[in-house]
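Read through the structure below, which is laid out as structure tokens, and then see the notes.
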Amino acid sequence: MHAVREWLRDASSIAVLTGAGVSAESGVPTFRGSNGLWKQYRAEDLATPGAFARDPKLVWEWYDWRRSLIAQAKPNPGHYALAKAEARARKFTLITQNVDGLHELAGSRKVLRLHGSIWMLRCLDCQSEREDRRIPLPEIPPRCECGGTLRPGVVWFGEALPAKIWQDAEIAARHSDLFLLIGTSAIVYPAAGLASIAKSSGARVVEINIAESGLSDTIDEFLQGPSGELLPQLIA
Ligand code: OAD
């Protein structure tokens, strides 16, 4: 912990990758823990373009339910600590796989959302995007003014990440001298590959997680515990 505090203080460029674990203490379910979403639901039925084409109503009901859970969630001390770290750092890029928007609510300014936002809706026909925070959505599946069907503005399995956001994330990882991997099982690529990009470019890689992840043996320091407790201690 002591060494990591010094690395944080001395780093000239920090990149952070967060996953569902940072929002766990806010009450947002993770995907792969014992109570994880993918233990109760099949990703193939709910989070793929094929699933949406087959049954948009079912997919939307599931997203509407997740939106209602997330709407009740507040940022936790881990989110706030990361916003504070950004305000203090020389260069800081927060890359997240989360779609909940809690980093932004906590005050993080520059957030690269690799997997989109659960609050954004995108039209399958005209491709326009809009934010819609209504809960529940008045119509399922929701419709665009053009008549097309709106889909959740998230990245599903089998889809490419938004190109510019991925490019910026890759650059931030490559140019970082300290890379933090927080609350992610680090098994979904390409996001998980950012830690190796940072490592092979010479960055120190620190992981914060309640349990070891797929990448734990490649990192410089593993801090075991909830990010809502460890991050405020690190960024006091
Ligand atoms: P996962 O659910 O796979 O992993 C959550 C990680 O957080 C696990 O490694 C837990 O040990 C850890 N964790 C849980 N509580 C924690 C806490 N309080 N503090 C610190 N760590 C904690 O979530 P992600 O890695 O984010 O993608 O999943 C990656 C992607 O897979 C998601 O973005 C989503 C999912 O399918 C799509 O939907 C495309």
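Values computed for the structure shown
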read-out	value
Subset tally (residues that are without any contact (Cβ under 8 Å) to a residue 60 or more places away in the chain, within 16 Å of the ligand (Cβ to nearest atom) and in contact with a helix residue (DSSP H, G or I) (Cβ under 6 Å, 6 or more places away or on another chain)) for the stretch 97-128	3
Residue match in the stretch 77-96 (condition: farther than 28 Å from Glu170 by Cβ, crowded, with 17+ Cβ neighbours inside 10 Å and within 13 Å of the ligand (Cβ to nearest atom))	yes
Residue match in the stretch 182-193 (condition: within 13 Å of the ligand (Cβ to nearest atom), at positive phi, at pLDDT 95 or above and surrounded by 17 or more Cβ atoms within 10 Å (Cβ to Cβ))	yes
Every pair of residues 6+ apart whose Cβ atoms lie under 7 Å, when the first sits in the stretch 168-187 and is assigned by TED's automatic domain parsing to the domain that holds Leu17 while the second is in a helix (DSSP H, G or I) and among the aromatic types (Phe, Trp, Tyr)	Leu178/Trp7
Count of the stretch 48-103 residues which are of a type outside the set (A, V, I, L, M, F, W, C) and farther than 30 Å from Ser12 by Cα	15
Filtered residues of the stretch 196-226 (kept if under 12 Å from Leu17 (Cβ atoms) and within 12 Å of the ligand (Cβ to nearest atom))	Glu207, Ile208, Asn209, Ser213, Leu215
Scope the stretch 142-172; condition surrounded by 22 or more Cβ atoms within 10 Å (Cβ to Cβ) and away from the ligand (no atom under 16 Å from the Cβ); matching residues	Leu150, Ala172
Residue check, Arg66 more than 21 Å from the chain's Cα centre (by Cα) and either surrounded by fewer than 16 Cβ atoms within 10 Å (Cβ to Cβ) or at pLDDT 95 or above (or both)	no
Filter result for Glu104 (at negative phi, among the acidic types (Asp, Glu), in a helix (DSSP H, G or I) and outside the structural domain of Glu170 (by TED's automatic domain parsing))	no
In the stretch 33-45, residue surrounded by the fewest Cβ atoms within 10 Å (Cβ to Cβ) [restricted to those that are free of Cβ contacts under 8 Å to residues at least 60 places away in the same chain and over 18 Å from the mean Cα position of the chain (by Cα)]	Ser34
Condition check for Leu137: in contact (Cβ under 8 Å) with a residue 40 or more places away in the chain and within 14 Å of the ligand (Cβ to nearest atom)	no
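The values are calculated or read from the model by the stated rules, or taken from the named source; none is laboratory data. The structure displayed is predicted, hence computed values, not measured ones. Here the Cβ is made from the backbone with ideal geometry for all residues, glycine too, and neighbour counts use every protein chain on show.
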